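What follows is a single structure, written as structure tokens, with notes after it.
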Amino acid sequence: MKRRIYRYLHAVTAPERSGVVWFDLIEIGLATLGFLLYFLVRGAVIDRTSDALANARWIVGLQSSLGLYIEPVVNRWVLESAPLLTMVNFVYFWLDFPLILAVGLVLFWKRRNSYTLLRDALLLSGALALILYWTFPVAPPRFLKEWGFVDTLAQYSNLAYQTQSTKPFVNPFAAVPSLHVGWAVLLAVALFHATDHLLVRVGAIVNLVLQSISVVATANHYIFDGVVGVAIAFAGLGAAVLLQRRGYPSLREWFGGQAAMVAAREHAAPVARDARGG
């Protein structure tokens, strides 16, 4: 049994694998559990409304001092155009985690090393983001009623994250960092890593640009949030690259050695019994 476990762990830490075999169901299950835990912890209720609003107004003050407080203008801009409104709502909701999930499954099948890079970068950046969500709660622009923000998803679509079915996974004061932007960066990096196909790469860049606009246009994030989201994403990516280059090869070598040692002991045991019996 131990030998099978070591052989399994030796196999799944090989970044060059392709195709799918039965034990990959374990990997899919573990990855699903990891993201589920992330969203559940992120959605934990934090009763710090005053802190979240104060931090939001600090960000507004910072961006205003830099001449970058354009969120009210962008929000009003999309409200004047039904096609733009539909587009930003669609991008914000469907081209975030649903798109990442779809691309991840394709990479899992076709480019396992790119999938592993994306998976690790997402989970590691998510873990870093959770620290900020808990220590630095920030109310999104839609909470600042004095600026006239309109929550476009809640008002003009049925895609709002605040619905009853998604509330357990949503933290209303998790504006910083914006992983909508950060994870769009990681998705682009993974696709550039996986293929040199021009249309795929252009699509990844277009998605990043649209997501960066949509997070502001829907009144869900500030520019500050996106900048921090990119920084968090690159921190997670750096750790994921380190795992690819050093962590997994070392683990694979160790698991392979352990499997060989267990196999040698299992082979030696019958020989020793035969010797004693003779």
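Quick notes on this structure:
- Taking segment 228-255 as the range and being surrounded by fewer than 16 Cβ atoms within 10 Å (Cβ to Cβ) and farther than 15 Å from residue 118 by Cα as the test, the residues that pass are 231, 246, 247, 249, 250, 251, 253, 254.
- Residues in segment 123-141 that are crowded, with 24+ Cβ neighbours inside 10 Å and either out of contact with any helix residue (DSSP H, G or I) (no Cβ under 6 Å at 6 or more places or on another chain) or among the acidic types (Asp, Glu) (or both): 140 only.
- Considered as a group, the residues in segment 109-155 that are more than 14 Å from residue 171 (Cα to Cα) and among the aromatic types (Phe, Trp, Tyr) include one that is modelled with the lowest pLDDT, and that residue is 109.
- Residue match in segment 112-121 (condition: of a type in the set (D, E, K, R), touching a Ser or Thr at 6+ places or on another chain (Cβ under 8 Å) and surrounded by fewer than 20 Cβ atoms within 10 Å (Cβ to Cβ)): no
- Residue in segment 153-161 that is more than 26 Å from residue 49 (Cα to Cα) and within 17 Å of the chain's Cα centre (by Cα) present: no
- Residue in segment 211-224 that is assigned to a helix (DSSP H, G or I) and free of Cβ contacts under 8 Å to residues at least 12 places away in the same chain present: no
- In segment 98-123, the residues that are in contact (Cβ under 8 Å) with a residue 60 or more places away in the chain reach residues that are of a type in the set (D, E, K, R) with C-beta atoms within less than 6 angstrom, at least six apart or across chains, in these pairs: 112/17.
- Of all residues in segment 63-102 being under 14 Å from residue 211 (Cα atoms) and hydroxyl-bearing (Ser, Thr, Tyr), the one that is nearest to the chain's Cα centre (by Cα): 92
- Residue within segment 39-52 that is touching a helix residue (DSSP H, G or I) at 6+ places or on another chain (Cβ under 8 Å), in a helix (DSSP H, G or I) and acidic (Asp, Glu) present: no
- Matching option when the condition is more than 18 Å from residue 121 (Cα to Cα) and out of contact with any Phe, Trp or Tyr (no Cβ under 8 Å at 6 or more places or on another chain), among 191, 243, 237, 199: 199
- Where residue 83 falls short, out of the listed (1) touching a residue at least 40 places away in the same chain (Cβ under 8 Å); (2) in a helix (DSSP H, G or I): (1)
- Residue check, residue 104 out of contact with any Ser or Thr (no Cβ under 7 Å at 6 or more places or on another chain), farther than 21 Å from residue 174 by Cβ and buried (at least 18 other Cβ atoms within 10 Å of the Cβ): yes
- Filtering segment 209-222 to residues that are surrounded by 21 or more Cβ atoms within 10 Å (Cβ to Cβ) and either in contact with a helix residue (DSSP H, G or I) (Cβ under 6 Å, 6 or more places away or on another chain) or of a type in the set (Phe, Trp, Tyr) (or both) leaves 211, 212, 214, 215, 216, 217, 218, 219, 221, 222.
The values are calculated or read from the model by the stated rules, or taken from the named source; none is laboratory data. This structure is a prediction, so every number in the text was calculated from the model and none was measured. All Cβ positions, even for glycine, are placed from backbone atoms using ideal geometry, and neighbour counts span all protein chains on display.
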